[in-house]
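This report refers to the structure that appears directly beneath it.
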Number of protein chains: 2
Amino acid sequence: MKPTQSELAILDVLWRQGPCTVRQVHEVVGGGYTTTLKLMQIMVEKGLVVRDEQERAHVYSPRLEKEETQGVMVRDLIDRAFGGSAAQLVMRALSAGQASDEELAAIRQMLKEYKR
Amino acid sequence: MKPTQSELAILDVLWRQGPCTVRQVHEVVGGGYTTTLKLMQIMVEKGLVVRDEQERAHVYSPRLEKEETQGVMVRDLIDRAFGGSAAQLVMRALSAGQASDEELAAIRQMLKEYKR
DNA sequence: GAGTATGTACGAAGAACTTCGTAGTGTCAA
DNA sequence: TTGACACTACGAAGTTCTTCGTACATACTC
């Protein structure tokens, strides 16, 4: 499932720091504490995160890997804005500039490995 | 500006068919006629499309080229989900499968031309 | 001219997302 | 044991997106 903007910010903390309490996430994303709490509760309902209720302060973990979620979001954009063509998206990402020489080199390298 | 899902569907018709009346768009996107009308009116306010009111049936045109809008959407996704790295997005798009051999070939070709 | 078709304008309602206040509970220290 | 604090639960309100009904104007036809 595709997370919303706020949900993605929370997931990002969990991916970077590993399982966290609401407070730990809140200290990173800022805003109101109960806002973060509410969002994370909803994310449990949606299945975006799982919750360990052993301790008084519940501990949340992402249900999917970062890579999987990125894949979902890319797939969604390809379908919605690029007529289903991954190549079209890649070309747009590159021609919209923003890919440094290092990045271009990394992409070439990856394509090379992909060939096999 | 980044169009919503419904707005993108409408823009897609305008990009493919050129300037259209509400009815022409509606015949493609389906749903209720006044729904399409309302959305297109809002899109005028947002500046996503421009409207020619010469005729009784107003004629709408996209304000930005398809390529520009795609660029905006890709940029947005790169910022939100890939920490600003276009290369990361490209790699995810490719490793998430979904790129056919033809597409891979096209991307390699594009990178080749990009080198110059 | 009455009725029908086609058009715009616009308000309202529902759904999803976000934010916040408040209530209630458990913990800990003085 | 009382007060301060940290935590969860939850309802409500604001925002944006989407859908739809209704009102009203204009044109065409019989």
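The values are calculated or read from the model by the stated rules, or taken from the named source; none is laboratory data. What you see is a predicted model, and the numbers here were worked out from it, not measured in a lab. Cβ sites come from the backbone with ideal geometry, for glycine too, and all protein chains shown count toward neighbours. Protein only, heavy atoms only, side chains kept; ligands, DNA and RNA dropped before computing areas. Shrake-Rupley method; radii C 1.70, N 1.55, O 1.52, S 1.80 Å.
Just to be sure before I move on: is A:Lys2 in contact (Cβ under 8 Å) with a residue 24 or more places away in the chain, within 15 Å of DNA strand D (Cβ to nearest atom), open to solvent by 10 Å² or more (accessible area, probe 1.4 Å) and within 12 Å of another protein chain (Cβ to nearest Cβ) in the structure I sent?
Details: in contact (Cβ under 8 Å) with a residue 24 or more places away in the chain: yes; within 15 Å of DNA strand D (Cβ to nearest atom): yes; open to solvent by 10 Å² or more (accessible area, probe 1.4 Å): yes; within 12 Å of another protein chain (Cβ to nearest Cβ): yes.
So A:Lys2 passes the test.
Considering region A:96-116 alone, what residues qualify as being outside any helix (DSSP H, G or I) and either in contact (Cβ under 8 Å) with a residue 24 or more places away in the chain or not charged (D, E, K, R) (or both)? So that I can check it myself, show each step before the final result.
Step one: of region A:96-116, the residues outside any helix (DSSP H, G or I) are A:96-100, A:115-116.
Result: A:Ala96, A:Gly97, A:Gln98, A:Ala99, A:Ser100.
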Expected output for region A:45-56 (first residue within 26 Å of A:Met73 (Cβ to Cβ), partner open to solvent by 100 Å² or more (accessible area, probe 1.4 Å) and not aliphatic (A, V, I, L, M), Cβ below 8 Å, 6+ apart or cross-chain) is A:Gly47/A:Arg63; A:Leu48/A:Arg63; A:Val49/A:Arg63; A:Val50/A:Arg63
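Show me the helices (runs of 4 or more DSSP H) found entirely inside region B:1-95 where at least 3 residues are away from DNA strand C (no atom under 16 Å from the Cβ).
Working: elements: B:5-17, B:22-29, B:33-46, B:66-81, B:86-95.
It comes to B:5-17, B:66-81, B:86-95.
Which one of B:Arg51, B:Arg23, B:Arg63, B:Arg75 is among the basic types (Lys, Arg) and within 14 Å of chain A (Cβ to nearest Cβ)?
Of the residues listed, the single one that is among the basic types (Lys, Arg) and within 14 Å of chain A (Cβ to nearest Cβ) is B:Arg75.
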Which pairs do you get when a residue that is in the same structural domain as B:Val50 (by TED's automatic domain parsing) and at pLDDT 95 or above, found in region B:22-37, comes within reach of a residue that is charged (D, E, K, R) and crowded, with 17+ Cβ neighbours inside 10 Å, reach meaning Cβ atoms under 9 angstrom, with the pair 6+ apart or on two chains?
-> B:Val28/B:Asp12; B:Val29/B:Asp12
So, in region B:36-74, of the ones that are among the polar types (S, T, N, Q) and crowded, with 17+ Cβ neighbours inside 10 Å, which residue ends up farthest from DNA strand D (Cβ to nearest atom)?
-> B:Gln70
